[in-house]
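*Asks:* The structure is given below, and queries will be raised subsequently.
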Amino acid sequence: MREELLSIIEKNSRIGLNELAVLLGQKEEDVLKELETLEKDGIICGYNTLIDWEKTSIEKVTALIEVRVTPQRGQGFDKIAERIYNYPEVKAVYLISGGFDLLVILEEKSLREIANFVSDKLSTLESVLSTGTHFILKKYKDYGTILAKKHEDEREIVSP
Amino acid sequence: MTKELSNKVINIKPSGIRKFFDLVSEMKDVISLGVGEPDFDTPWHIRDEGIYAFEKGRTFYTSNSGLKDLRFEISNYINRTQNISYNPDSEILVTVGGSEAIDIGIRALVNNGDEVIIPQPSYVSYEPCAILANAKPVIVNLQAKNQFRLTAEELQKAVTPRTKLLILPFPNNPTGSIMEKDDLEKIAEVIIDNDIYVMSDEIYSELTYNGKHVSIASLPKMKERTILINGFSKSYAMTGWRLGYACAPKEIVKQMLKIHQFAIMCAPTTSQYAAVEAIKNGDDDVAQMRQAYNQRRRFLINAFKEMNLPCFEPFGAFYVFPCIKEFGMTSEEFATKLLQEEKVAAIPGSAFGESGEGYLRISYAYSLDNLKSAMIRLNNYVNRLRK
């Protein structure tokens, strides 16, 4: 049940326990127990909402920043990653293979704020060697969901 | 013109679904539960292969029996799912949907007056195809008490010395019923004893929810008398690509191929290239769709339980078949009123044969949100009728 349960709530975290039990063909108490275990074990880390901010009047700018760093003795990349992810405006930090080391996703209200963050906070960190900032111009698909307009059901209304 | 058209065709009744379609098409904001095709788009990697085939200019006829690669993959697929081995060179024919295979399979087998046993409720084309082939359809009315499975007794009763062919439509449209291995073993005995051919329409074989589908052709002494029909429409959400296939002993395929060759030439080329990709690399897509269907199936069964609407638990295809006899209306009246009052379109069970009277076919090839709104409306309707 675990994999199916996770795949349902990954798509719809608002689903009620009752409905979840029906869809899985399981007893409510068993599903509840499994959910509690998953939360306790940190497999379920949170219940977020996917928002297309572009459709609101609220300004948001998102940047992907490539960061090259010198790993530190004994701690590898973890220490420097921690220094970066503790900033609340940092949405995500990934350790990446390839031409650079960390990918930082930053969300701010304006370009200027992003520029400030990179020049004042990120670049000045001792182990940061270089950064490359990419601004996101448009999100087509996020977290597996296509944000562009949904297509209509073009099937006939009845068919054998 | 004054000369009469074909009497045989004139006398064939138009499909009961067509009547309903005319009614529905005049209405707005209808929530439909009426389609017999997946709501999923064909998985992208399959569509991409179709596009690639166009780009490469693969727009010519293929060989009559279908692309060699595709027949080879079909042979592999049947082997790994059913453990039956069909020779791709002589025992497999790629057709325009399962529907073509049904038509030419019947035509290749029957002579004038031969009897074709058709269990109903079932898909709408078997009976007219049998009639057009000058055969005599013999209907077996399946019973709700057997979960609409075909029993050996029912089959035995329908057999006469003129019986040539049994149509075996499981997993079933419209009931969602399946035949499990022990059900099949029982009827196989009757089939072998009476030396009958079988056309096993397994188009929904990938959509079963309590274990893997078993083909009757995999039972001892059955392959030699069975036309196994399957296709890409339901399993890979490829209805519009029009691609199916038949697997059968080479003597039968040889005759089917003649009809196919003269009437059709070959199945659509682009679709065949896309189908190679589907059958080779589509297992995960099928598994994902199956899981989604299964969740919806459970949702509907639970909704009917809460409404107190009797419905056996179907384990196949994407239909549920609740009983509406308590309301004292025919299926058609019930469905028509449901459409007019609550704007929910479901197909009257009677469209699939007399024994579907008193039932409703509800398709769950719709999103859960869609099904939820529809169940609220159906619940309102049922409550009003019960007052």
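*Asks:* Within the range B:344-387, count every residue that is modelled with pLDDT of 95 or more, outside any helix (DSSP H, G or I) and among the charged types (D, E, K, R).
*Replies:* 2
*Asks:* Is it the case that A:A81 is crowded, with 16+ Cβ neighbours inside 10 Å and more than 14 Å from chain B (Cβ to nearest Cβ)?
*Replies:* Judged against the criteria, A:A81 is a match.
*Asks:* With the requirement that a residue be in contact (Cβ under 8 Å) with a residue 40 or more places away in the chain, surrounded by fewer than 23 Cβ atoms within 10 Å (Cβ to Cβ) and part of a loop (DSSP other than H, G, I, E, B), what does the range B:102-122 give you?
*Replies:* Of everything in the range B:102-122, those that are in contact (Cβ under 8 Å) with a residue 40 or more places away in the chain, surrounded by fewer than 23 Cβ atoms within 10 Å (Cβ to Cβ) and part of a loop (DSSP other than H, G, I, E, B) turn out to be B:V110, B:N111, B:G113, B:D114.
*Asks:* Please determine whether any residue of the range A:24-38 is exposed (fewer than 12 other Cβ atoms within 10 Å of the Cβ), under 30 Å from B:R290 (Cβ atoms) and within 14 Å of chain B (Cβ to nearest Cβ).
*Replies:* yes
*Asks:* Which pairs have Cβ atoms under 9 Å, sit 6 or more apart or on different chains, and link a residue in the range A:3-22 that is over 21 Å from B:N302 (Cα atoms) to one that is modelled with pLDDT under 95 and in a helix (DSSP H, G or I)?
*Replies:* Every condition considered, no pair remains.
*Asks:* Further, regarding this structure: Within the bounds of the range B:335-353, is there any residue that is touching a Phe, Trp or Tyr at 6+ places or on another chain (Cβ under 6 Å), in contact (Cβ under 8 Å) with a residue 60 or more places away in the chain and closer than 24 Å to A:V22 by Cα?
*Replies:* Looking for residues that are touching a Phe, Trp or Tyr at 6+ places or on another chain (Cβ under 6 Å), in contact (Cβ under 8 Å) with a residue 60 or more places away in the chain and closer than 24 Å to A:V22 by Cα, one finds none in the range B:335-353, hence no.
*Asks:* Report yes if A:S119 is loosely packed, with under 13 Cβ neighbours inside 10 Å, of a type outside the set (A, V, I, L, M, F, W, C), out of contact with any Asp or Glu (no Cβ under 8 Å at 6 or more places or on another chain) and over 26 Å from A:K141 (Cβ atoms), otherwise no.
*Replies:* When the stated conditions are applied, A:S119 passes them.
*Asks:* Residues to consider are A:L50, A:L20, A:L106; find the one that is surrounded by 12 or more Cβ atoms within 10 Å (Cβ to Cβ), hydrophobic (A, V, I, L, M, F, W, C) and over 21 Å from B:N294 (Cα atoms).
*Replies:* Of the residues listed, the single one that is surrounded by 12 or more Cβ atoms within 10 Å (Cβ to Cβ), hydrophobic (A, V, I, L, M, F, W, C) and over 21 Å from B:N294 (Cα atoms) is A:L106.
*Asks:* Of all residues in the range B:296-314, count the ones that are assigned to a helix (DSSP H, G or I), within 23 Å of the chain's Cα centre (by Cα) and surrounded by fewer than 21 Cβ atoms within 10 Å (Cβ to Cβ).
*Replies:* Total satisfying the criteria: 3.
*Asks:* Next question. Please state which of the following conditions B:S99 fails to meet, knowing it meets all the rest: (1) assigned to a loop (DSSP other than H, G, I, E, B); (2) within 14 Å of chain A (Cβ to nearest Cβ); (3) of a type outside the set (D, E, K, R); (4) closer than 22 Å to B:K234 by Cα.
*Replies:* (1)
*Asks:* Let me confirm something: among A:N48, A:N18, A:N12, which residue is within 22 Å of B:K305 (Cα to Cα) and polar (S, T, N, Q)?
*Replies:* On inspection, the qualifying residue turns out to be A:N18.
*Asks:* Quick one: count up the residues across the range B:1-38 that are hydroxyl-bearing (S, T, Y) and surrounded by 13 or more Cβ atoms within 10 Å (Cβ to Cβ).
*Replies:* Residues that pass the stated criteria total 2.
*Asks:* Name every residue in the range B:39-64 that is surrounded by 13 or more Cβ atoms within 10 Å (Cβ to Cβ), outside any helix (DSSP H, G or I) and within 14 Å of chain A (Cβ to nearest Cβ), in order of residue number.
*Replies:* Listed by number, the residues that qualify are B:D39, B:F40, B:T42.
*Asks:* Now for a separate question. Answer yes or no: is there a residue in the range A:134-144 that is within 14 Å of chain B (Cβ to nearest Cβ) and among the charged types (D, E, K, R).
*Replies:* yes
*Asks:* Tell me, which residue of the range B:7-25 that is facing another protein chain (nearest Cβ under 10 Å) and in a loop (DSSP other than H, G, I, E, B) is farthest from the chain's Cα centre (by Cα)?
*Replies:* Here the answer is B:S25.
*Asks:* Can you spot a residue in the range B:256-272 that is in contact with an Asp or Glu (Cβ under 6 Å, 6 or more places away or on another chain) and buried (at least 17 other Cβ atoms within 10 Å of the Cβ)?
*Replies:* The answer is no, given that none of the residues of the range B:256-272 is in contact with an Asp or Glu (Cβ under 6 Å, 6 or more places away or on another chain) and buried (at least 17 other Cβ atoms within 10 Å of the Cβ).
*Asks:* Another question about this same structure. List pairs: first residue in the range B:26-38 and over 20 Å from B:F318 (Cα atoms) and more than 7 Å from chain A (Cβ to nearest Cβ), second residue of a type in the set (D, E, K, R) and surrounded by fewer than 22 Cβ atoms within 10 Å (Cβ to Cβ) anywhere in the structure, Cβ distance under 8 angstrom, at least six positions apart or on different chains.
*Replies:* Within 8 Å, the pairs are B:M27/B:K343; B:D29/B:K343.
The values are calculated or read from the model by the stated rules, or taken from the named source; none is laboratory data. These figures come from a predicted structure and were not determined experimentally. Quick reminder, even Gly has a Cβ in these numbers, built from the backbone with ideal geometry, and neighbours come from all protein chains shown.
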